[in-house]
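Q: Pasting a structure below so you can have a look.
The values are calculated or read from the model by the stated rules, or taken from the named source; none is laboratory data. It should be emphasised that the depicted structure is a prediction, and the values quoted were computed from it without experimental measurement. Cβ atoms come from the backbone with ideal geometry, glycine included; neighbour counts cover every protein chain shown.
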Amino acid sequence: MYLAHFGLREQPFSLTPDTSFFFACTGYQEALNTLLVAARSGEGFIKIVGEVGNGKTMLCRKFLATLNDSESTTDIGTQNEAVASSRLKSKFATAYIPNPYLEPRSLLMALAGEFRIQLDPHVDQNLLLRGLTMALLNFAREGKRVLVCLDEAQAMPLESLEVLRLLTNLETEKRKLMQVVLFGQPELDERLKQNSVRQLRQRISFQYQLKGLHRDEIDRYLRHRMRVAGYSGETLFSRSAVWRMHRVTSGTPRLINIIAHKALMLAYGEGRQQVLDSHVRRAAKDTPEAKRDWLPWVLLGAGTLLLVALMVAGIMLL
């Protein structure tokens, strides 16, 4: 592989959401700050929506890691220094459900498993709810806040969303016993417009629209991941390669990772120490989801039309 060739310890563009590669550009830092502030408020639902490949799972894992690291303030933006200085003193009991395509009882069982609640697998839903309620009360007595993160929430059945809402009704005199964060694709917004979940929709207290990287952030993103992976040079992707990367990915992190990995392989195959525009272009051609670069064809078409126009004009002058 190309690791030794470029002096790397590990693959810099793996699709696994490794939080050590988290890139705190403006949009992602704002989203993380929103989550941290919302978690401290302790009420309502939180919604994070983003297109496929825009890093929702990475953000979710970074959020959970930061939330449970009471000593870390480095990942909280300077614009929220008050949050940073508090060092997230409150302890959290967290649950992460990566695939919420579960009917209500299965979802409750998944939550019970996340909170290590010992229950008979054949217990009926009434006793299951009672067991979860007692666990939430125990967490509150211990001074812990309970927070549930649901990835791919657009796939969750509406009945299961309603069960979650009912669980968030539980409260002490001071605060709610459970808070829920929904991470989903734009289809989640469409599902939440349905009348049957209007009560849940009204309880969304914080939300954020996660978008891709801007053109000027892609170069820093590539450098960041290369540096974390062990690269010690100044830059490996040429300016023209970065420009091409933006054209074919529109700033979608997952596509950037896929194409950057292929481009590194192509550069390695040629024995080069830099990734060029040609490598990115060939890598994009091999990636179905990459945007097709129509510029050469547009120029070719324009040139053909100009040639035809000149020929016609010449004939008319004869």
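Q: Run P104 past the list (1) touching a strand residue (DSSP E or B) at 6+ places or on another chain (Cβ under 8 Å); (2) modelled with pLDDT of 90 or more and report the number of the one that doesn't hold.
A: In the conditions (1) touching a strand residue (DSSP E or B) at 6+ places or on another chain (Cβ under 8 Å); (2) modelled with pLDDT of 90 or more, P104 misses (1) alone.
Q: Please list, ordered by residue number, the helices (runs of 4 or more DSSP H) wholly in region 13-97 having 3 or more residues that are under 24 Å from M178 (Cβ atoms) and either assigned by TED's automatic domain parsing to the domain that holds K262 or at pLDDT below 95 (or both).
A: On the way: elements: 26-41, 56-67, 81-86.
Fully inside region 13-97 and qualifying: 26-41, 56-67.
Q: Residues that are closer than 26 Å to G42 by Cα and not polar (S, T, N, Q): does region 210-221 have at least one?
A: yes
Q: Out of R145, R175, R141, which single residue is closer than 20 Å to V37 by Cβ and either outside the structural domain of P104 (by TED's automatic domain parsing) or surrounded by fewer than 18 Cβ atoms within 10 Å (Cβ to Cβ) (or both)?
A: Working: R145 fails: either outside the structural domain of P104 (by TED's automatic domain parsing) or surrounded by fewer than 18 Cβ atoms within 10 Å (Cβ to Cβ) (or both); R141 fails: closer than 20 Å to V37 by Cβ.
Result: R175 is the single residue among R145, R175, R141 that is closer than 20 Å to V37 by Cβ and either outside the structural domain of P104 (by TED's automatic domain parsing) or surrounded by fewer than 18 Cβ atoms within 10 Å (Cβ to Cβ) (or both).
Q: For region 157-270, which fully contained helices (runs of 4 or more DSSP H) count at least 3 residues that are within 19 Å of the chain's Cα centre (by Cα)? Write out each step before concluding.
A: On the way: elements: 158-167, 187-192, 198-202, 215-228, 239-249, 253-269.
Ranges flagged: 187-192, 215-228, 253-269.
Q: So R198 passes all but one of these: (1) in the same structural domain as D286 (by TED's automatic domain parsing); (2) more than 22 Å from N33 (Cα to Cα); (3) of a type in the set (K, R). Which condition number does it fail?
A: (1)
Q: Among the residues of region 223-236, is any touching a strand residue (DSSP E or B) at 6+ places or on another chain (Cβ under 7 Å), hydroxyl-bearing (S, T, Y) and at pLDDT 95 or above? Quick ask: steps written out before the conclusion?
A: Residues of region 223-236 that are touching a strand residue (DSSP E or B) at 6+ places or on another chain (Cβ under 7 Å), as a first pass: 236.
Then keep just the ones that are hydroxyl-bearing (S, T, Y); that gives none.
No: region 223-236 contains no residue that is touching a strand residue (DSSP E or B) at 6+ places or on another chain (Cβ under 7 Å), hydroxyl-bearing (S, T, Y) and at pLDDT 95 or above.
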